[in-house]
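K.L.:
Okay, here's the structure, questions in a sec.
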Amino acid sequence: MIEGLQPYAEYKESGLPWLGRCPDHWKVRRTKILFQERVQKGFPNEPLLAATQTKGVVRKEDYETRTVTAQKDLHLLKLVETGDYVISLRSFQGGIEVAHYRGIISPAYTVLKPRGEAKSGYYSKFFKSRQFIDSLSLFVTGIREGQNIDYERMSRAEMPCPPPDEQAAIVRFLDHANRKIDGFIRAKRKLIALLGEQKQAIIHRAVTRGLDPNAPLKPSGIPWLGDIPQHWEVRRIKYLLREVDNRSATGKEQLLSMRMHHGLVVFAEHFSRPPQAATLVGFKIVKPRQFVVNRMQAGNGVIFPSCLNITGLVSPDYAVFDPIADVNVDYLGELFRTRTVRTKFRAESKGLGTGTSGFMRLYNDRFGAIHIPLPPRADQDAILKGLGEELSDLNAAIARTEREIALMQEYRTRLTADVVTGKLDVRPAAANLSEEAEGTEETLDTTTGDEGESTEELETTLP
């Protein structure tokens with residue numbers, strides 16, 4: 001994609017330490033020359049918008065239940081027009097977002113209307129470049145969750161401004177490159193989904209039928225389960241796990257969180273943002289080999305045994321269980337995340353929501369009353385060992401494909417940064433992009449995982 005791309009013939013010092021040299025014919029303009037702050041209120045009937053770091057500024061109704069919805073004083077919210085830019089409370093982490101819809105948004109945000117030289121869409125790419133995002137640290141005020149961009153200071157700062165026709169060429173080239181990259185990533189995610197389906201089928205067969213395909217079977221008495229090996233039992237979960245409620249008096253233990261496909265993880269190692277809670281005092285203590293359940297996401301498989309060799313803290317809204325029978329918690333973890341059991345958890349959950357979204361809570365009494373198949377302890381251990389051997393190649397293929405996606409995403413980030421800051425001249429390449437090639441770019445269907453879940457990983461952190 002970058003074959004043949006060359007630097008510009010001549011460069012000059014931009015005068016901006018975070019940018020360095022830029023093409024000699026590019027201008028350097030103050031932000032307030034390129035953008036006008038829009039402060040229009042009194043539009044309560046416009047749709048509510050949400051500023052997201054991955055999708056830009058979108059309609060809140062399209063962003064499911066991940067944000068809090070305002071219910072009153074809508075006339076105080078700021079108007080946003082399509083093509084405007086929004087500086088949100090997270091912009092210092094992920095850049096400034098472009099609006100894809102007209103609507104209203106929090107008055108705490110800054111709305112910028114692009115002026116003449118800034119109307120091409122070039123800045124929607126530039127504002128997401130790593131160099132620009134790093135430069136925003138110069139304008140950040142506040143601490144931790146209260147951090148925000150001081151636009152008054154930022155408005156006086158300078159940024160590069162290529163000629164309008166060159167901005168258009170940059171946008172055209174990067175749009176073409178992004179379509180190629182998106183197609184590659186979707187294809188790889190589809191492969192991961194197929195490998196995941198194969199993996200889940202193997203796990204389901206092992207944890208519900210055992211390793212011996214010729215073992216005699218008997219009716220389980222559980223309509224949603226069917227037959228099980230003759231020497232297995234059927235037990236209620238409440239006789240296998242007991243909830244414990246140990247709280248931290250100091251909040252000094254490591255914060256843990258739950259990530260689908262990863263299990264229980266150390267928060268600081270997986271999330272760049274600070275925890276939402278001001279203090280961790282009163283958070284629940286988790287010790288190795290205990291079970292952690294996110295009650296709000298039990299139907300999505302967010303139930304994990306703690307395999308970390310540390311003691312940590314989880315959200316007070318999670319449930320922590322001790323095993324009280326001769327069970328291998330890893331076997332239960334695999335069983336609980338099978339599609340069949342997840343469907344049962346979802347059916348037993350109460351609340352508002354459909355599919356994988358909404359507020360559905362699995363209460364302890366309903367959780368404990370569920371019947372599950374339970375092989376003898378020796379069989380549980382053997383099943384886990386057998387799965388480890390049988391799934392090794394599949395796991396390696398999934399990990400390899402995930403790494404390919406990560407490398408392509410890194411490539412996209414680097415390419416965008418090099419192009420929007422003038423390190424590479426894409427004008428010849430953009431001129432050679434035929435209208436036909438742009439119009440017939442292959443687009444794959446969006447890949448989803450189990451039961452409509454997005455392949456973007458579901459993260460569960462704090463309530």
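The values are calculated or read from the model by the stated rules, or taken from the named source; none is laboratory data. What you are looking at is a predicted structure, and each value in this text was computed from that prediction instead of being measured. Here the Cβ is made from the backbone with ideal geometry for all residues, glycine too, and neighbour counts use every protein chain on show.
K.L.:
Can you tell me which residues in the stretch 260-276 are modelled with pLDDT under 75 and either within 20 Å of residue 347 (Cα to Cα) or not hydroxyl-bearing (Ser, Thr, Tyr) (or both)?
P.N.:
Listed by number, the residues that qualify are 260, 261, 262, 263, 270, 271, 273, 274, 275, 276.
K.L.:
Tell me yes or no: at least one residue of the stretch 356-370 is hydroxyl-bearing (Ser, Thr, Tyr) and without any contact (Cβ under 8 Å) to a residue 40 or more places away in the chain.
P.N.:
No, that holds for no residue.
K.L.:
Another question, then. Would it be correct to say that residue 281 is over 16 Å from the mean Cα position of the chain (by Cα), modelled with pLDDT of 80 or more, part of a loop (DSSP other than H, G, I, E, B) and of a type in the set (A, V, I, L, M, F, W, C)?
P.N.:
yes
K.L.:
With respect to residue 122, is the statement that it is in contact with a Cys (Cβ under 9 Å, 6 or more places away or on another chain), at negative phi and buried (at least 16 other Cβ atoms within 10 Å of the Cβ) true?
P.N.:
Yes; evaluated as a whole, the condition is true for this residue.
K.L.:
For the stretch 35-44, indicate whether the set of residues that are surrounded by 20 or more Cβ atoms within 10 Å (Cβ to Cβ) and in contact (Cβ under 8 Å) with a residue 12 or more places away in the chain is non-empty.
P.N.:
There is at least one residue in the stretch 35-44 that is surrounded by 20 or more Cβ atoms within 10 Å (Cβ to Cβ) and in contact (Cβ under 8 Å) with a residue 12 or more places away in the chain.
K.L.:
Just to be sure before I move on: is residue 176 of a type outside the set (A, V, I, L, M, F, W, C) and touching a strand residue (DSSP E or B) at 6+ places or on another chain (Cβ under 9 Å) in the structure I sent?
P.N.:
For residue 176, the condition - of a type outside the set (A, V, I, L, M, F, W, C) and touching a strand residue (DSSP E or B) at 6+ places or on another chain (Cβ under 9 Å) - is not met.
K.L.:
Restricting to the stretch 1-50, what's the tally of residues that are under 33 Å from the mean Cα position of the chain (by Cα), assigned to a loop (DSSP other than H, G, I, E, B) and in the same structural domain as residue 152 (by TED's automatic domain parsing)?
P.N.:
8
K.L.:
Output the residues belonging to the stretch 13-34 that are surrounded by 13 or more Cβ atoms within 10 Å (Cβ to Cβ) and charged (D, E, K, R).
P.N.:
Once the filter is applied, which keeps residues that are surrounded by 13 or more Cβ atoms within 10 Å (Cβ to Cβ) and charged (D, E, K, R), the stretch 13-34 yields 21, 27, 29, 30, 32.
K.L.:
Now a separate question. Check every one of the helices (runs of 4 or more DSSP H) wholly within the stretch 383-463 and list those with 1 or more residues that are surrounded by fewer than 12 Cβ atoms within 10 Å (Cβ to Cβ) and at pLDDT 95 or above.
P.N.:
Ranges flagged: 392-420.
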